[in-house]
Amino acid sequence: MTHWFHRNPLKATAPVSFNYYGVVTTPAATKICNDLRLSRTQLMELFTDLSCTPDMMKNSTETYFSLLKGFIISLDDSSQDSKLRYIQNFKWTDTLQGQIPSAQQDAVFELVSIGFNVALWYTKYASRLAGKEDITEDEAKDVHRSLKMAAGIFKHLKESYIPKLITPVEKGRDLEARLIDSYIIQCQAEAQEVTIARAIELKHNPGLIAALAYETANFYQKADQTLSSLDPAYTIKWRKYLHLKFCFYMAYAYCYHGQTLLAADKCGEAIRSLQEAEKFFSKAEALCKEYGETKGPGTTAKPSGHLFFRKLGTQVKNTLEKCQRENGFIYFQKIPPEAPQLELKANYGLVEPIPFEFPAVHAHWTPESLAAFDLTKRPKEDSAKPKPEEEVKPVKEPDIKPQKDTGCQIS
């Protein structure tokens, strides 16, 4: 299972100084602003730091989010917003639509935008770890958990915070439901890939592997269909990836379903199932080439070059030949004209997002420190011209190259 996940770019943002001259009236309030600036800067640096671990990310995000929550919610547990919610303008780019930033003077926009990046980081961390040459069982579990974490963050943003935005989400932008849903489903599908690799290595029942592969293929198809109504200029490369993964796991499903049929002495049906597997694998191979030639946002994965991909092609071929030999010597069964209908349901191994909640408000926020922000002293020209430091520079992400695939499966 070596590095063959498609990843869209991280969101970029303009620096935020959190300097409110005249508004901040006590050292405690000044410390909150300084801590916000520092923790935000450190978090943005961690997004591209290859040495960053989930624990480091968790600690950094909890610090920043708990400080930022003081700009969002009331300290008395009421449903009212903080008086500081609209004090600061935030700019963020989009993962698909390049370096054209969106800006909102709303701390909730900051929360969901940086939360989105945190979820993306978990997917990129999982991808990087899965690309290792000799992945251990613990590392495989980290890949699995990171993808479920990412799905949980995306889900929480969609259900609990994006609806609170005052400015409606623009169509086709990151925070729109169709894109969030696609990210959630893709995370679930990729986590199930880890489950399938584990099930194959431990030689679990072919019926279980076929069912898991079928469920995973359906996830990829659903993610692809969710993007179908968006502008193809931004989504075509992503959709090629989702479609090829759908075909790949349908090939898996038919291959292992064929083994189940053969074990039940239904050799004719097994041959037809393996023929369907061969057809889907050929489609996946063609889509791999198309994916590599398609321009668009995101990293380029090359699944057709990896052993995990090539082994399926060999397995389909060998299993089909075995079924044909058995049918010629033992069974003499007719091969059905139609492929068997896959009505497979996995009872084990299905992935659900890990529930996520933002941390509580930081202890630095007290009624006294909040009162030390005097909004009556805000300069009138506060939101006039954009300042030079508000320029949004692209995120320089490290170039992740797949390592040589030794053929080791997840153990």
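The values are calculated or read from the model by the stated rules, or taken from the named source; none is laboratory data. Small disclaimer: the values here were computed from a predicted structure and weren't measured. Note that we place each Cβ from the backbone using ideal geometry, even for glycine, and neighbour counts take in every protein chain shown. Surface accessibility is based on the protein's heavy atoms, side chains included, excluding ligands, DNA and RNA. Shrake-Rupley method; radii C 1.70, N 1.55, O 1.52, S 1.80 Å.
If you go through the stretch 193-228 and pick out every residue that is in contact with a Phe, Trp or Tyr (Cβ under 7 Å, 6 or more places away or on another chain) and over 16 Å from residue 312 (Cα atoms), you end up with 5. Picking from residues in the stretch 215-242 that are surrounded by 18 or more Cβ atoms within 10 Å (Cβ to Cβ) and among the hydroxyl-bearing types (Ser, Thr, Tyr), the one that is farthest from residue 185 (Cα to Cα) is 234. When residue 79 is tested against (1) over 28 Å from residue 379 (Cα atoms); (2) in contact (Cβ under 8 Å) with a residue 40 or more places away in the chain; (3) more than 24 Å from the chain's Cα centre (by Cα), exactly one condition is not met: (2). Just one of (1) open to solvent by 10 Å² or more (accessible area, probe 1.4 Å); (2) of a type in the set (S, T, N, Q); (3) in contact (Cβ under 8 Å) with a residue 12 or more places away in the chain; (4) more than 16 Å from residue 243 (Cβ to Cβ) fails for residue 160. It is (3). Taken over the stretch 47-65, residues that are in a helix (DSSP H, G or I), surrounded by fewer than 19 Cβ atoms within 10 Å (Cβ to Cβ) and in contact (Cβ under 8 Å) with a residue 60 or more places away in the chain amount to 2. Taking the listed residues 159, 170, the one that is part of a loop (DSSP other than H, G, I, E, B), charged (D, E, K, R) and within 22 Å of residue 108 (Cβ to Cβ) is 170, with no other qualifying. Of everything in the stretch 2-39 that's open to solvent by 30 Å² or more (accessible area, probe 1.4 Å) and charged (D, E, K, R), which residue is farthest from the chain's Cα centre (by Cα)? Among them, the one singled out is 31. Name the residues in the stretch 104-127 that are surrounded by 22 or more Cβ atoms within 10 Å (Cβ to Cβ) and among the aromatic types (Phe, Trp, Tyr), would you? Matches in the stretch 104-127: 109, 116, 121, 122.
Note on the stretch 294-317: among residues that are open to solvent by 80 Å² or more (accessible area, probe 1.4 Å) and closer than 22 Å to residue 257 by Cβ, the one that is modelled with the lowest pLDDT is 310. Within the stretch 128-138, can one find any residue that is among the polar types (S, T, N, Q) and surrounded by fewer than 21 Cβ atoms within 10 Å (Cβ to Cβ)? Looking through the stretch 128-138, at least one residue is among the polar types (S, T, N, Q) and surrounded by fewer than 21 Cβ atoms within 10 Å (Cβ to Cβ).
So, residue 236, is that one within 19 Å of residue 151 (Cβ to Cβ), modelled with pLDDT of 90 or more and under 20 Å from the mean Cα position of the chain (by Cα) or not? Against the criterion (within 19 Å of residue 151 (Cβ to Cβ), modelled with pLDDT of 90 or more and under 20 Å from the mean Cα position of the chain (by Cα)), residue 236 does not qualify. For the stretch 202-247, name all the residues that are among the charged types (D, E, K, R), touching a Ser or Thr at 6+ places or on another chain (Cβ under 6 Å) and touching a residue at least 60 places away in the same chain (Cβ under 8 Å). Result: 237, single match.
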